[in-house]
Amino acid sequence: MIPATLRLTLIIAVICYFFVILYFLKQKALNLKYTLLWLVAGVVMGILIVVPELLVKIIRIFGIQDNMNGLFIFAIGFIIMILLSLTSIASRQNRKIRTLTQELAILDRRVRELEKRSAE
């Protein structure tokens, strides 16, 4: 059971977390499609703060004996999911940048050839 003061502090922290995410979204520091990942993380944190018994039940289903071990396992798993998501985003952006660079080089060559022809 979470003490009332800790639960209140965690609820305030999650609310601040949502304000920071929405602020970043408003300032266009985050794209809407990537913000969803962080909003889902906040919702999961909020649910686990309001209903901490849910985490204990989930941990028991997986056969983990110690609550802290279960919390660390789930936290590490969630961090790995976020890292995989961000890595896929970075890879996609890398492919787009490479394609744009190649297209720019082709267009630059064509412009130089046209300038050379028009100079002659």
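The values are calculated or read from the model by the stated rules, or taken from the named source; none is laboratory data. Everything numeric here is computed off the predicted structure, so don't read it as measured data. Note that each Cβ is placed from the backbone with ideal geometry, even for glycine, and that neighbours are counted across all protein chains shown.
Computed values, structure above
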item	result
Residue in the stretch 55-62 that is of a type in the set (Phe, Trp, Tyr) and assigned to a helix (DSSP H, G or I) present	no
Residue that is of a type in the set (A, V, I, L, M, F, W, C), within 27 Å of residue 9 (Cα to Cα) and in the same structural domain as residue 6 (by TED's automatic domain parsing), where the choices are 71, 25, 55, 32	25
Number of positions in the stretch 63-106 that are assigned to a helix (DSSP H, G or I), farther than 26 Å from residue 33 by Cβ and of a type outside the set (A, V, I, L, M)	4
Scope the stretch 1-40; condition among the basic types (Lys, Arg) and over 27 Å from residue 51 (Cβ atoms); matching residues	26, 28, 33
Where a residue in the stretch 54-79 is in contact (Cβ under 8 Å) with a residue 12 or more places away in the chain and closer than 16 Å to residue 41 by Cα and its partner, wherever it lies, is among the polar types (S, T, N, Q) and surrounded by 11 or more Cβ atoms within 10 Å (Cβ to Cβ), with Cβ under 8 Å and at least six apart	55/67
Extreme residue, surrounded by the fewest Cβ atoms within 10 Å (Cβ to Cβ), among residues of the stretch 30-71 that are of a type in the set (S, T, N, Q) and farther than 27 Å from residue 20 by Cβ	65
Selection status of residue 41, more than 21 Å from residue 7 (Cβ to Cβ) and either of a type outside the set (Phe, Trp, Tyr) or without any contact (Cβ under 8 Å) to a residue 12 or more places away in the chain (or both)	no
